[in-house]
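Enquirer: The structure is given below, and queries will be raised subsequently.
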Amino acid sequence: MNLGVNWQPNFLLENPIFAPLHALIAALPRDKFPTLRELNALLNQHTEAREALCVAAGHALRFVPQQAGKLSFEAQYEPRCYLTGEVQTRENNWHDLLNALVWLTFPRAKAAINARHFAALQVGEVDGKSQRGAVRDSNTLLDESGVIVACAHPKLAALLRDFQWHELFWQQRAAVQNEMGFYLFGHGLYEKAMQPYVGITGQGIIIDVAREFFSWDAARQHAHLDEQLALYWTNPAHCLSTRELCPVPLLGVPSWWVDNGIESFYANTAYFRSGRRA
């Protein structure tokens with residue numbers, strides 16, 4: 001399916017991969033691609049219902065048009081977001097729309113990523129370095145392709161880290177459905193998931209949860225994961241290597257792809273690759 005810039009909310013609402021964004025998508029207009037004004041209205045509704053959303057520096061979040069041309073350091077995407085709370089967002093653009101929806105769903109984690117980007121960019125600005133560096137690479141990988149994996153059982157987490165896909169998604173299928181949850185975070189990954197294909201893979205970060213987590217409503221789950229991911233990513237001991245994240249073959253997650261209801265689906269070693277971790 002080629003969605004282009006056509007707004008088809010029913011397609012997204014019927015797709016379990018988009019579950020973290022369903023409540024927001026349902027609140028957007030049904031007949032046309034959402035505008036910046038409508039995204040900010042949704043942001044204001046969130047603020048009225050709960051706490052105001054802010055970046056790490058304390059500035060209130062707001063979606064603004066993208067600035068064109070050669071920009072000063074302060075006007076570039078990450079610094080401007082950190083210094084003013086303004087998230088540059090292109091109109092009629094899926095990538096930027098999905099980024100805005102992730103900001104509204106996981107605001108603390110997004111603010112933590114932005115703060116780490118800003119700090120790393122400041123070092124580069126002072127030292128005149130052109131290299132991205134490990135911190136920015138890790139930030140970008142999580143921001144674009146991240147999957148939050150809520151897990152209540154250490155064995156399941158170990159199977160994921162060790163690339164034991166058949167045992168995890170097939171032999172332990174019932175346990176995965178009851179004690180493990182996958183929540184897309186990366187807006188680039190959401191964009192790919194609009195046209196899913198065998199090979200689509202996210203980068204998972206595992207958050208340990210209690211079993212009762214899975215009895216909570218979606219809003220409470222998202223708030224908890226947001227807080228825990230923000231705490232993890234703010235810690236200077238973390239976000240130092242992309243290997244803190246582990247691959248997640250999205251179409252292997254039970255119920256996320258029609259073909260994974262048969263065991264032979266997991267025999268595709270070009271997709272479900274063996275690991276190289278010790």
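Quick note: the coordinates plus some simple rules give every number you see, no bench work behind them. Predicted model only: the values in this text are computed from it and were never measured. As a convention, Cβ positions derive from the backbone with ideal geometry for all residues, glycine included, and neighbour counts pool all protein chains shown.
Enquirer: If you fit an axis through the alpha-carbon atoms of helix 133-145 and take the longest principal axis of the Cα set of the chain, what angle between them do you get, 0 to 90°, nearest 10?
Expert: For 133-145 against the chain, the angle is about 70 degrees.
Enquirer: While we're here: When 42, 231, 160 are ordered from fewest to most other Cβ atoms inside 10 Å of their Cβ, what list results?
Expert: 231, 42, 160
Enquirer: Counting other beta carbons within 10 Å of each Cβ, put 105, 47 in order, fewest first.
Expert: Details: 105 24, 47 14.
Ordered by Cβ neighbours within 10 Å, fewest first: 47, 105.
Enquirer: Just need log10 I(q)/I(0) for the range 15-57 at q = 0.18, 0.23, 0.31 Å⁻¹, Debye formula, equal scatterers on the alpha-carbon atoms, no solvent, rounded to two decimals.
Expert: After summing over all Cα pairs, the log10 values are -0.64, -0.92, -1.11.
Enquirer: Could you list log10 I(q)/I(0) for the range 6-112 at q = 0.24 Å⁻¹, which the Debye formula gives when each Cα is one point scatterer?
Expert: These q points yield log10 I(q)/I(0) values of -1.41.
Enquirer: Quick one: net charge around residue 206, please, counting Lys, Arg +1 and Asp, Glu -1 for every other residue with C-beta under 11 Å from its C-beta.
Expert: On the way: positive: 161; negative: 208, 244.
Result for the neighbourhood of residue 206: -1.
Enquirer: Is the C-alpha gyration tensor of the range 78-188 telling us rounded, prolate or oblate? Criteria: a/c under 1.5 is rounded; beyond that, a/b larger than b/c is prolate, otherwise oblate.
Expert: prolate
Enquirer: Per residue Cα convex hull volume for the chain, in cubic angstrom?
Expert: Per residue, the Cα convex hull of the chain comes to 142 Å³.
Enquirer: Can you pull out the trypsin sites (Lys or Arg not before Pro) in the range 237-278 whose DSSP state is coil and whose Cβ has at most 12 other Cβ atoms within 10 Å?
Expert: Here the sparse-neighbourhood loop sites are 276, 277.
Enquirer: Please rank 212, 179, fewest neighbouring Cβ atoms within 10 Å first, as an exposure proxy.
Expert: 212, 179
Enquirer: Work out how much length residue 8 to residue 197 would gain on full extension: take 0.36 nm times their residue separation and subtract the Cα-Cα distance, in nm to one decimal.
Expert: Gain in length upon complete extension: 66.1 nm.
Enquirer: Please list, by residue number, every one of the trypsin sites (Lys or Arg not before Pro) in the range 135-226 that is coil in DSSP and has at most 10 other beta-carbon atoms within 10 Å.
Expert: Those that pass, being in a loop and sparsely packed, number zero.
Enquirer: Got a sec to turn the phi values of the range 187-195 into Karplus ³J(HN,Hα) couplings, 6.51 cos²θ - 1.76 cosθ + 1.60 with θ = phi - 60°, whole Hz, x for Gly and Pro?
Expert: Taking θ as phi minus 60°, the curve returns 6, x, 5, 4, 5, 5, 5, 5, 10 Hz for the range 187-195.
Enquirer: While we're here: Per 10 Å bin from zero, what fraction in whole % of the C-alpha pairs of the range 120-278 is there, up to the bin with the longest pair?
Expert: In whole percents, the pair-distance histogram is 10, 37, 36, 13, 4, 0.
Enquirer: Which angle from 0 to 90°, rounded to the nearest 10, does the C-alpha axis of helix 218-234 make with the longest principal axis of the chain?
Expert: 70 degrees
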